[in-house]
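Participant: Attaching a single structure in structure tokens format; questions to follow.
Since every read-out is calculated from the coordinates, none of them should be taken as a lab result. All values derive from a computational prediction rather than experimental measurement.
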């Protein structure tokens with residue numbers, strides 16, 4: 001099989017339903033404002049057969065093999081309970097937030113995320129690693145049942161911390177430092193390439209620029 005023909009596969013019906021519902025109208029706004037066109041045309045993921053992707057996979061093999069028990073626990077926490085984790089983070093900042101509120105913020109941006117994931121249909125790292133004969137295994141049991149690009153957890157982190165920053169502007173530096181502490185967790189888990197995160201960061205900046213995060 002040609003490496004560039006390897007895809008993630010079909011999305012779950014729940015994700016397709018979210019895209020069609022577009023509950024907050026953010027997907028439509030992103031299409032209208034040219035954000036979707038820009039990302040699809042100017043920010044595609046590195047080809048499966050590219051040296052960049054091979055380098056990313058080799059990096060993931062290295063960090064997953066070097067992961068210790070604390071890394072495993074942290075990755076597992078953010079796999080299974082990242083809304084709760086972010087609630088605790090918000091409360092440590094003195095904010096009156098709930099996991100349900102955070103989940104709603106994230107659900108609002110799910111349609112644009114899942115739309116792009118389905119359009120790109122990038123295979124997860126472990127799918128491609130298998131084709132290349134690389135020993136890459138997710139270090140946690142994951143329910144990552146969507147294409148890899150862009151990263152959903154990264155976008156959730158960014159959107160949530162953006163709301164925290166609006167609620168407590170004086171904590172902006174602390175919030176930024178916190179993001180940099182956690183941003184590579186999905187790479188450490190072995191379920192995302194670094195370029196998945198970087199495109200989520202770009203998408204987030206476009207959402208902020210166009211005032212689409214309410």
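Participant: Can you tell which of 91, 124, 186 shows the greatest fluctuation in a Gaussian network model of the chain with Cα springs below 10 Å?
Facilitator: The residue with the greatest mean-square fluctuation here is 91.
Participant: With springs only between Cα atoms under 10 Å, which of 34, 94, 133 fluctuates most in a Gaussian network model of the chain?
Facilitator: In this elastic network of the chain, the residue with the biggest mean-square fluctuation among 34, 94, 133 is 133.
Participant: If you don't mind, another one. Using every Cα-Cα pair within segment 119-166, state what percent have a distance larger than 15 Å. The partial results should precede the final answer.
Facilitator: Numbers: 665 of 1128 pairs.
Here the tail beyond 15 Å accounts for 59 percent of pairs.
Participant: Right, something else. Starting at 0 and stepping by 10 Å, how many percent of the alpha carbon pairs of segment 1-79 end up in each bin?
Facilitator: 13, 23, 34, 27, 2
Participant: To continue, here is another question. Note down the relative contact order for segment 9-209 as a percent, whole number, built from C-alpha pairs under 8 angstrom at least six residues apart. Present the calculation step by step, with values, prior to reporting the outcome.
Facilitator: Numbers: 225 pairs, mean separation 61.9, N = 201.
About 31 percent, as a whole number.
Participant: When the scattering of segment 64-124 is computed by the Debye formula from its Cα atoms alone, each counted once and equally, what is log10 I(q)/I(0) at q = 0.13, 0.22, 0.28 Å⁻¹?
Facilitator: -0.53, -0.95, -1.03
Participant: Springs between alpha-carbon atoms under 10 Å, Gaussian network over the chain: tell me which of 22, 69, 38 tops the mean-square fluctuations.
Facilitator: Greatest mean-square fluctuation among the candidates belongs to 69.
Participant: Further question: Which length gain, in nm to one decimal place, applies between residue 81 and residue 49 when the Cα-Cα distance is subtracted from 0.36 nm times their residue separation?
Facilitator: Numbers: separation 32, 0.36 × 32 = 11.52 nm, distance 3.42 nm.
Additional length available on full extension: 8.1 nm.
Participant: Further question on the same structure: What value does segment 9-209 have for Rg/Rh, both radii from Cα atoms and Rh as Kirkwood defines it? Numbers along the way, then the final one.
Facilitator: Numbers: Rg = 16.7 Å, Rh = 17.5 Å.
Over the Cα atoms of segment 9-209, Rg/Rh equals 0.95.
Participant: If I stretch the segment between residue 135 and residue 65 completely, what's the gain in nm (0.36 nm per residue apart, minus their alpha carbon distance), one decimal? Write down the numbers at each step before the final one.
Facilitator: Working: separation 70, 0.36 × 70 = 25.20 nm, distance 0.93 nm.
The span from residue 135 to residue 65 would gain 24.3 nm if fully extended.
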